[in-house]
Amino acid sequence: MCFRHCNLDEDSGRPSRRDFVKGATAAGASLALSLGAAASLMPSVASAATTTLKATHGTGLCNLAFFLVERRGLAKPDGVDLKFVVTPTLADISTLFGSGQVDMSVIPYSNFLTLVDAGAPVKIVAGAGAEGLMLIAREGINSAADLRGKTIGTFQADTQELVPYDYLKKSGMSFKDVKVRYFNTSPEMAQAYIAGAVDAICHVEPYATKCMQERKGSTILTDGKDLYGDLYSDCVLAVRTPLIEKNPKAVKAIIKAMLMAQREVETDIDSALRQTVGTFYKTSFDAAKLAASKQPVMIDQRRNTQFILDRSQSMRELGYIRKPTTRDAFDWSLMEQVIAENKALFDSLKFKSA
């Protein structure tokens, strides 16, 4: 997720993390200008009865419910039409959202933390996907010690950077003991690993499964559960605070639609993947189906509030944020209203906090 113009840390030769955050703000403004004409053609209100919300998204299976909301128009019965704004790189997901060019985003919680630290008016209102992060290494690498001096591929300020950081830290090591290479897109990083350009990567499903299948002898060093426990958070649904204040009904419509999408995934995963593999996931159907068992959709992630807050310490150590994140970054109230108003739907879900 490194911007091409990022400076390098003098000591490590790696892109400066603080420059990454500064670059995100600048890139957001630059991208906003380049997309200005197109954005102006996208009406915020499609009709008197329908509100159109613009959004960015990632590429992992943690976005599956969000994709189904858009593909199947699940929020339209409640008067909301979700429209995606395509971004060239994963970094642009955060910059468009942080700069206010879109209303909401399914985003790694780590990227969200950088936006909060920078003062962006954004809140986590729901979860999206749980688990599904894999630190994978080539044949011959079976432990943290084996990674010493090796190259790890990842994305900047991403949950996929926190996993290897926390994994090494648990073993008394740090990023100073390895070489870190940053990528811009999920397919790009997967292909680099498969081709042997890096020794290890931390990737999200379904790309982690693709890498395991296509580079023989690969080993999963951690799937995150040994570090964080079951059902840890990966991505969350974050919304601009002005939208919450001005149109909470529209935000509730999206949350309800996400819960509906989760139920559809849990009851018919084949249909969900047929509608998204190829369009959103650059992998085979079989690989995506296997991967889906490792990264469940989980919209109610109230249980992960403290987990996310605790990860802000690692983000501080990495230099992405300056101060601990507080509970003010979360607003679960709209989800709680949706749950109360749709008890049968909520009770039917497998993965949830309560």
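The values are calculated or read from the model by the stated rules, or taken from the named source; none is laboratory data. All of these numbers come straight from a predicted model, not from anything done at the bench. Cβ placement follows ideal geometry from the backbone for every residue including glycine, while neighbour counts extend to all protein chains displayed. Side chains included, ligands, DNA and RNA excluded: accessible areas come from the protein's heavy atoms. Shrake-Rupley method; radii C 1.70, N 1.55, O 1.52, S 1.80 Å.
Taking R0 as 35 Å, what FRET efficiency do you get between Asp146 and Val86 from their Cβ-Cβ distance, rounded to the nearest 0.05?
Efficiency for this residue pair is about 0.35.
What accessible surface, in Å², does a 1.4 Å probe find on Thr219, ignoring ligands, DNA and RNA and rounding to the nearest 10?
Around 40 Å² of this residue is reachable by solvent.
What figure in square angstrom, to the nearest 10, would you give for the accessible area of Ile194 with a 1.4 Å probe?
We get 30 Å² for Ile194.
If I fit a long axis through the Cα atoms of helix 305-317 and take the longest principal axis of the Cα atoms of the chain, what angle between them do I get, 0 to 90°, rounded to 10?
40
Per DSSP helix of 4 or more residues, -39500 (n - 2.57); summed, then divided by the residues of the chain. What does that give at 222 nm, rounded to the nearest 500?
-12500 deg cm²/dmol
I'd like the antiparallel share, as a percent to the nearest 5, of DSSP beta bridges with both residues in the range 67-219.
Around 50 percent antiparallel, to the nearest 5.
Given a Förster distance of 30 Å, report the FRET efficiency between Thr305 and Ala49 from their Cβ-Cβ distance, rounded to the nearest 0.05.
It comes out at approximately 0.30.
Residue by residue, what Karplus-based ³J(HN,Hα) values in Hz, rounded to whole numbers, does the range 143-158 have, using 6.51, -1.76 and 1.60 with θ = phi - 60° and x for Gly and Pro?
Values, residue by residue: 7, 4, 4, 5, 7, 4, x, 8, 9, 10, x, 6, 10, 6, 6, 9 Hz.
Of Gly319, Gly127, Gly98, which is the most mobile in a GNM of the chain whose springs link Cα atoms less than 10 angstrom apart?
Gly319
Using a 10 angstrom cutoff on alpha carbons, build the Gaussian network for the chain and name the most mobile of Ala126, Ala157, Ala340.
Ala340
What accessible area per residue comes out for the range 211-298, rounded to a whole number of Å², with a 1.4 Å probe?
41
Given +1 on the Cβ of Lys and Arg, -1 on the Cβ of Asp and Glu, and no further charges, what dipole in debye does the chain carry about its Cα centre, rounded to the nearest 20? Present the calculation step by step, with values, prior to reporting the outcome.
Details: 43 positive and 39 negative charges, 58 e Å.
Using Cβ point charges on Lys, Arg, Asp and Glu, the chain gives about 280 debye.
Over the range 37-181, what is the relative contact order in whole percent, taking alpha-carbon pairs under 8 Å and six or more residues apart?
21 percent.
Would you mind telling me the share, in percent, of accessible area of the chain contributed by carbon and sulfur at probe 1.4 angstrom?
That fraction is 50 percent.
How far apart, in nanometres, would the label points at Asp177 and Glu266 be if each is projected 7 angstrom from Cα along the Cα-to-Cβ direction?
With each label placed 7 Å out from Cα toward Cβ, I get 4.0 nm.
Considering only Leu113, Thr87, Gly100, whose Cα is most displaced toward the positive end of the charge dipole of the range 62-130, charges sitting on Cβ of Lys, Arg (+1) and Asp, Glu (-1)?
Final value for the positive-end residue is Thr87.
Write down the accessible area per residue of the range 138-210 in Å², having rolled a 1.4 Å probe over the full set of protein chains.
That works out to 33 Å² for each residue.
I want to check a number: in the range 70-210, how many lysine pairs have alpha carbons closer than 16 Å, given a sequence separation of 8 or more or different chains?
Number of lysine pairs found: 4.
State the answer as a single residue: which of Leu231, Asn247, Thr59 lies farthest towards the positive end of the charge dipole of the chain, with beta carbon charges of +1 for Lys and Arg and -1 for Asp and Glu, about the Cα centre.
Of the options given, the answer is Asn247.
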